[in-house]
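See below for the structure under consideration.
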Amino acid sequence: MNILLMLIPKNKVAYIYDDSTVRQAMEKMEYHRYTSIPILDQEGGYVGSLTEGDLLWAIKNIYNLNLKAAENIKISMIPRLRDNLPVTIEEKIDDLIKKAVNQNFVPVLDGKNSFIGIVTRKDIIQYCYKKMCQNEEQ
């Protein structure tokens, strides 16, 4: 199975840059109703993923819930609990499934380690369900 068949391309994925502000990240996550969002560098490389929890704890613990101060804080300054681990387009579906067990999306990188999109856990479950149904029919 080719990972690219399940890929949501970069131009259809909401993401932020590592020099975006906390306010920008919060607004984008709120608009898209995301609980986690990929972080890219200015060259398009995958840096990691930011969650609502990462933002919440940083605002509470570092900035004392001062949202006005958050307008000037870069995302690269926010400590993250963990990042969504990426796959490359060359990896097998098994690797994709293993990562999706603990992540709601899996970032996909090209051969130059540039972010090209995501595969959602929902798409992986649908793929596995279709395969399971096909096997039962045989």
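Each reported figure results from applying straightforward, stated rules to the coordinates on display, with no laboratory input. This is a predicted model, so every value here is computed, not measured. Neighbour counts run over all protein chains shown; Cβ positions are idealised from the backbone, glycine included.
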- When Lys and Arg each count +1 and Asp and Glu each count -1, what net charge do the other residues less than 10 Å away from P38, Cβ to Cβ, add up to? 0
- Build a GNM of the chain with springs between Cα atoms under 10 Å: which of I75, I39, I62 gets the top mean-square fluctuation? I62
- Query: Between N66, N113, N102, which gets the highest mean-square fluctuation from a Gaussian network model of the chain, Cα cutoff 10 Å?
  - Reply: N66
- Which of the aspartates and glutamates could be linked to K10 by a straight reach, that is with a Cα gap under 15 Å, when you skip same-chain ones fewer than 8 residues away? D41, E43, D110
- Item | Spacing of the two label points (7 Å from each Cα toward its C-beta) at Q134 and K68, in nm | 5.9
- Query: GNM, the chain, Cα, under 10 Å: largest mean-square fluctuation among Y17, Y46, Y63?
  - Reply: Y63
- Item | Proximal charge balance of G117 [Cβ under 13 Å; K/R count +1, D/E count -1] | 0
- Task: Give me the aspartates and glutamates in straight-line cross-link reach of K99: C-alpha distance below 13 Å, same-chain residues under 8 apart excluded.
- Result: D83, E91
- Note on the structure: Final fewest-first order of V47, V106 on the 10 Å Cβ neighbour count is V47, V106
- Residues of type aspartates and glutamates that K130 reaches as a straight line, Cα spacing below 17 Å, ignoring anything fewer than 8 places off in the same chain: D94
- Message: Restricting the calculation to Cα positions, tell me the Rg (one decimal) and the Dmax (whole number) of the chain in Å.
- Response: 16.7, 61
- Task: For each of M29, M132, M77, count neighbouring Cβ atoms within 10 Å of the residue's Cβ, then give the residues from fewest to most.
- Result: M132, M77, M29
- Message: Please list, ordered by chain and number, the residues whose modelled amide H lies under 5 Å from the amide H of V119; skip anything fewer than 5 residues away on the same chain.
- Response: I8, V106, V108
- So how tilted is helix 22-32 from the main axis of the chain? Cα-based, degrees 0 to 90, rounded to 10. 40
